[in-house]
Amino acid sequence: MTTPDPAPVHAPHVPLTDYYQTEQDRQAYLRQIFDNTAADYDRIEAMLAWGTGSRYRHQALIRGGLKAGMKVLDVGVGTGLVAAQACILTGDAALVTGVDPSPGMMAASKLPDTMVLMEGRAESLPFPDNHFDFLSMGYALRHISDLSMAFAEFERVLKPGGRLCLLEITRPQNRFWRWLLKNYMRGVIPLLTRFVSTQKDNATLWRYFWDSIEACVPPEQVLATLSATGLTQVKRHLEVGVFSEYQAIKAAPGQPK
């Protein structure tokens, strides 16, 4: 018996009712908790990644096809950890635009003054069609309310031939590594936040991160949802069994989708 192809999806996971009650409540909850934890986010993230996050993001963008001179949109820019690497790789921070629904996170960024930051959501990007050469998103896929709508927006704002690179943490397949990562993100990191921050929401945020990773739709459905928008050469690169890089290219005129 043949296995049916994975179906495109809308919500990346079911509502996580320990944090909010309905899908409609999700965006307000996320905006509030990201705004409340923005000042400490980079310090805690560096602790979580053992200081390797910048190097990994840099290499992931190169694998995704980012080159000097490209016009870049970073969706879910947050405090700018991916965008900072895009500024380096493009050679001109003015070529990089970041968009995020949390003004608090963007205010906490340490990005070059020439880079543009705008408030907005992935599902309704405030940019014209065929505008960017490259679109990136770092670890925000789980926070989007409608993946199908957001991915269609990504395809819309990319120029023909434009490239997409979405970074995400994926639940490990190996049971031991899954147990280890769960306890690190849900237990160790929230405990350590007590010593490096004053915001009680920091512990909640990192527990939420793991719960959203554990509940997220599998990579096969993310790939199917990207393909359903008409993007081509859709694929996933996996690093150390945890870090997924979803890559795709917008079809050029006359090119089959």
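The values are calculated or read from the model by the stated rules, or taken from the named source; none is laboratory data. Because the structure is predicted, anything quoted here is derived from the model rather than measured. All Cβ positions, glycine included, derive from the backbone under ideal geometry; neighbour counts span all protein chains shown. Note: accessible area is taken over every heavy atom of the protein model, side chains too, but ligands, DNA and RNA are not part of it. Shrake-Rupley method; radii C 1.70, N 1.55, O 1.52, S 1.80 Å.
For segment 223-257, filtered to residues that are more than 25 Å from Leu48 (Cα to Cα) and among the β-branched types (Val, Ile, Thr), the residue that is surrounded by the most Cβ atoms within 10 Å (Cβ to Cβ) is Thr225. Restricting the first member to segment 182-205 and to residues that are within 18 Å of Ala46 (Cβ to Cβ), and the second to residues that are assigned to a loop (DSSP other than H, G, I, E, B) and of a type in the set (Ser, Thr, Tyr), the beta-carbon pairs closer than 9 Å and six or more apart or on different chains are Ala203/Ser197. Checking each residue in segment 153-184 for being assigned to a helix (DSSP H, G or I) and buried (at least 19 other Cβ atoms within 10 Å of the Cβ) picks out Glu153, Phe154, Glu155, Val157, Leu181.
Restricted to segment 34-65, and to residues there that are of a type in the set (Ser, Thr, Tyr) and in contact (Cβ under 8 Å) with a residue 60 or more places away in the chain, the residue that is surrounded by the most Cβ atoms within 10 Å (Cβ to Cβ) is Thr37. If you check Ala68 against the conditions, is it over 20 Å from Glu155 (Cβ atoms), part of a helix (DSSP H, G or I) and either out of contact with any His (no Cβ under 6 Å at 6 or more places or on another chain) or open to solvent by less than 10 Å² (accessible area, probe 1.4 Å) (or both)? Taking the combined requirement at face value, the residue does not satisfy it.
Of everything in segment 224-255, what is part of a loop (DSSP other than H, G, I, E, B) and over 29 Å from Tyr184 (Cα atoms)? Give them in sequence order. Correct list: Thr229, Gly230, Leu231, Lys250, Ala251, Ala252, Pro253, Gly254, Gln255.
Screening the candidates Asp113, Asp146, Asp129 for the property of being closer than 22 Å to Gly65 by Cα and either at pLDDT 95 or above or out of contact with any Asp or Glu (no Cβ under 8 Å at 6 or more places or on another chain) (or both) yields one hit, Asp129. Within segment 141-164, residues that are within 27 Å of Asp211 (Cβ to Cβ) sit with their Cβ atoms under 6 Å from residues that are hydroxyl-bearing (Ser, Thr, Tyr) and open to solvent by less than 10 Å² (accessible area, probe 1.4 Å), at 6+ positions apart or across chains, in these pairs: Arg142/Ser212; Leu147/Thr225; Ser148/Thr225; Phe151/Thr225.
Here the condition is being within 24 Å of Arg63 (Cα to Cα), within 19 Å of the chain's Cα centre (by Cα) and aromatic (Phe, Trp, Tyr); of Phe209, Phe132, it holds for Phe132 alone.
One residue stands out in segment 167-203 among those that are at pLDDT below 85 and of a type in the set (Val, Ile, Thr): the one that is nearest to the chain's Cα centre (by Cα), namely Thr193. Of the residues making up segment 107-141, those that are surrounded by fewer than 23 Cβ atoms within 10 Å (Cβ to Cβ) and either among the basic types (Lys, Arg) or not in a loop (DSSP other than H, G, I, E, B) (or both) are Ala107, Lys110, Val116, Leu117, Met118, Glu119, Arg121, Ser124, Asp133.
Quick grid of which residues meet (1) in contact with a Phe, Trp or Tyr (Cβ under 6 Å, 6 or more places away or on another chain); (2) closer than 22 Å to Arg236 by Cβ; (3) among the small types (Gly, Ala, Ser):
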position	(1), (2), (3)
His58	no, yes, no
Lys67	no, yes, no
Val72	yes, yes, no
Thr97	no, no, no
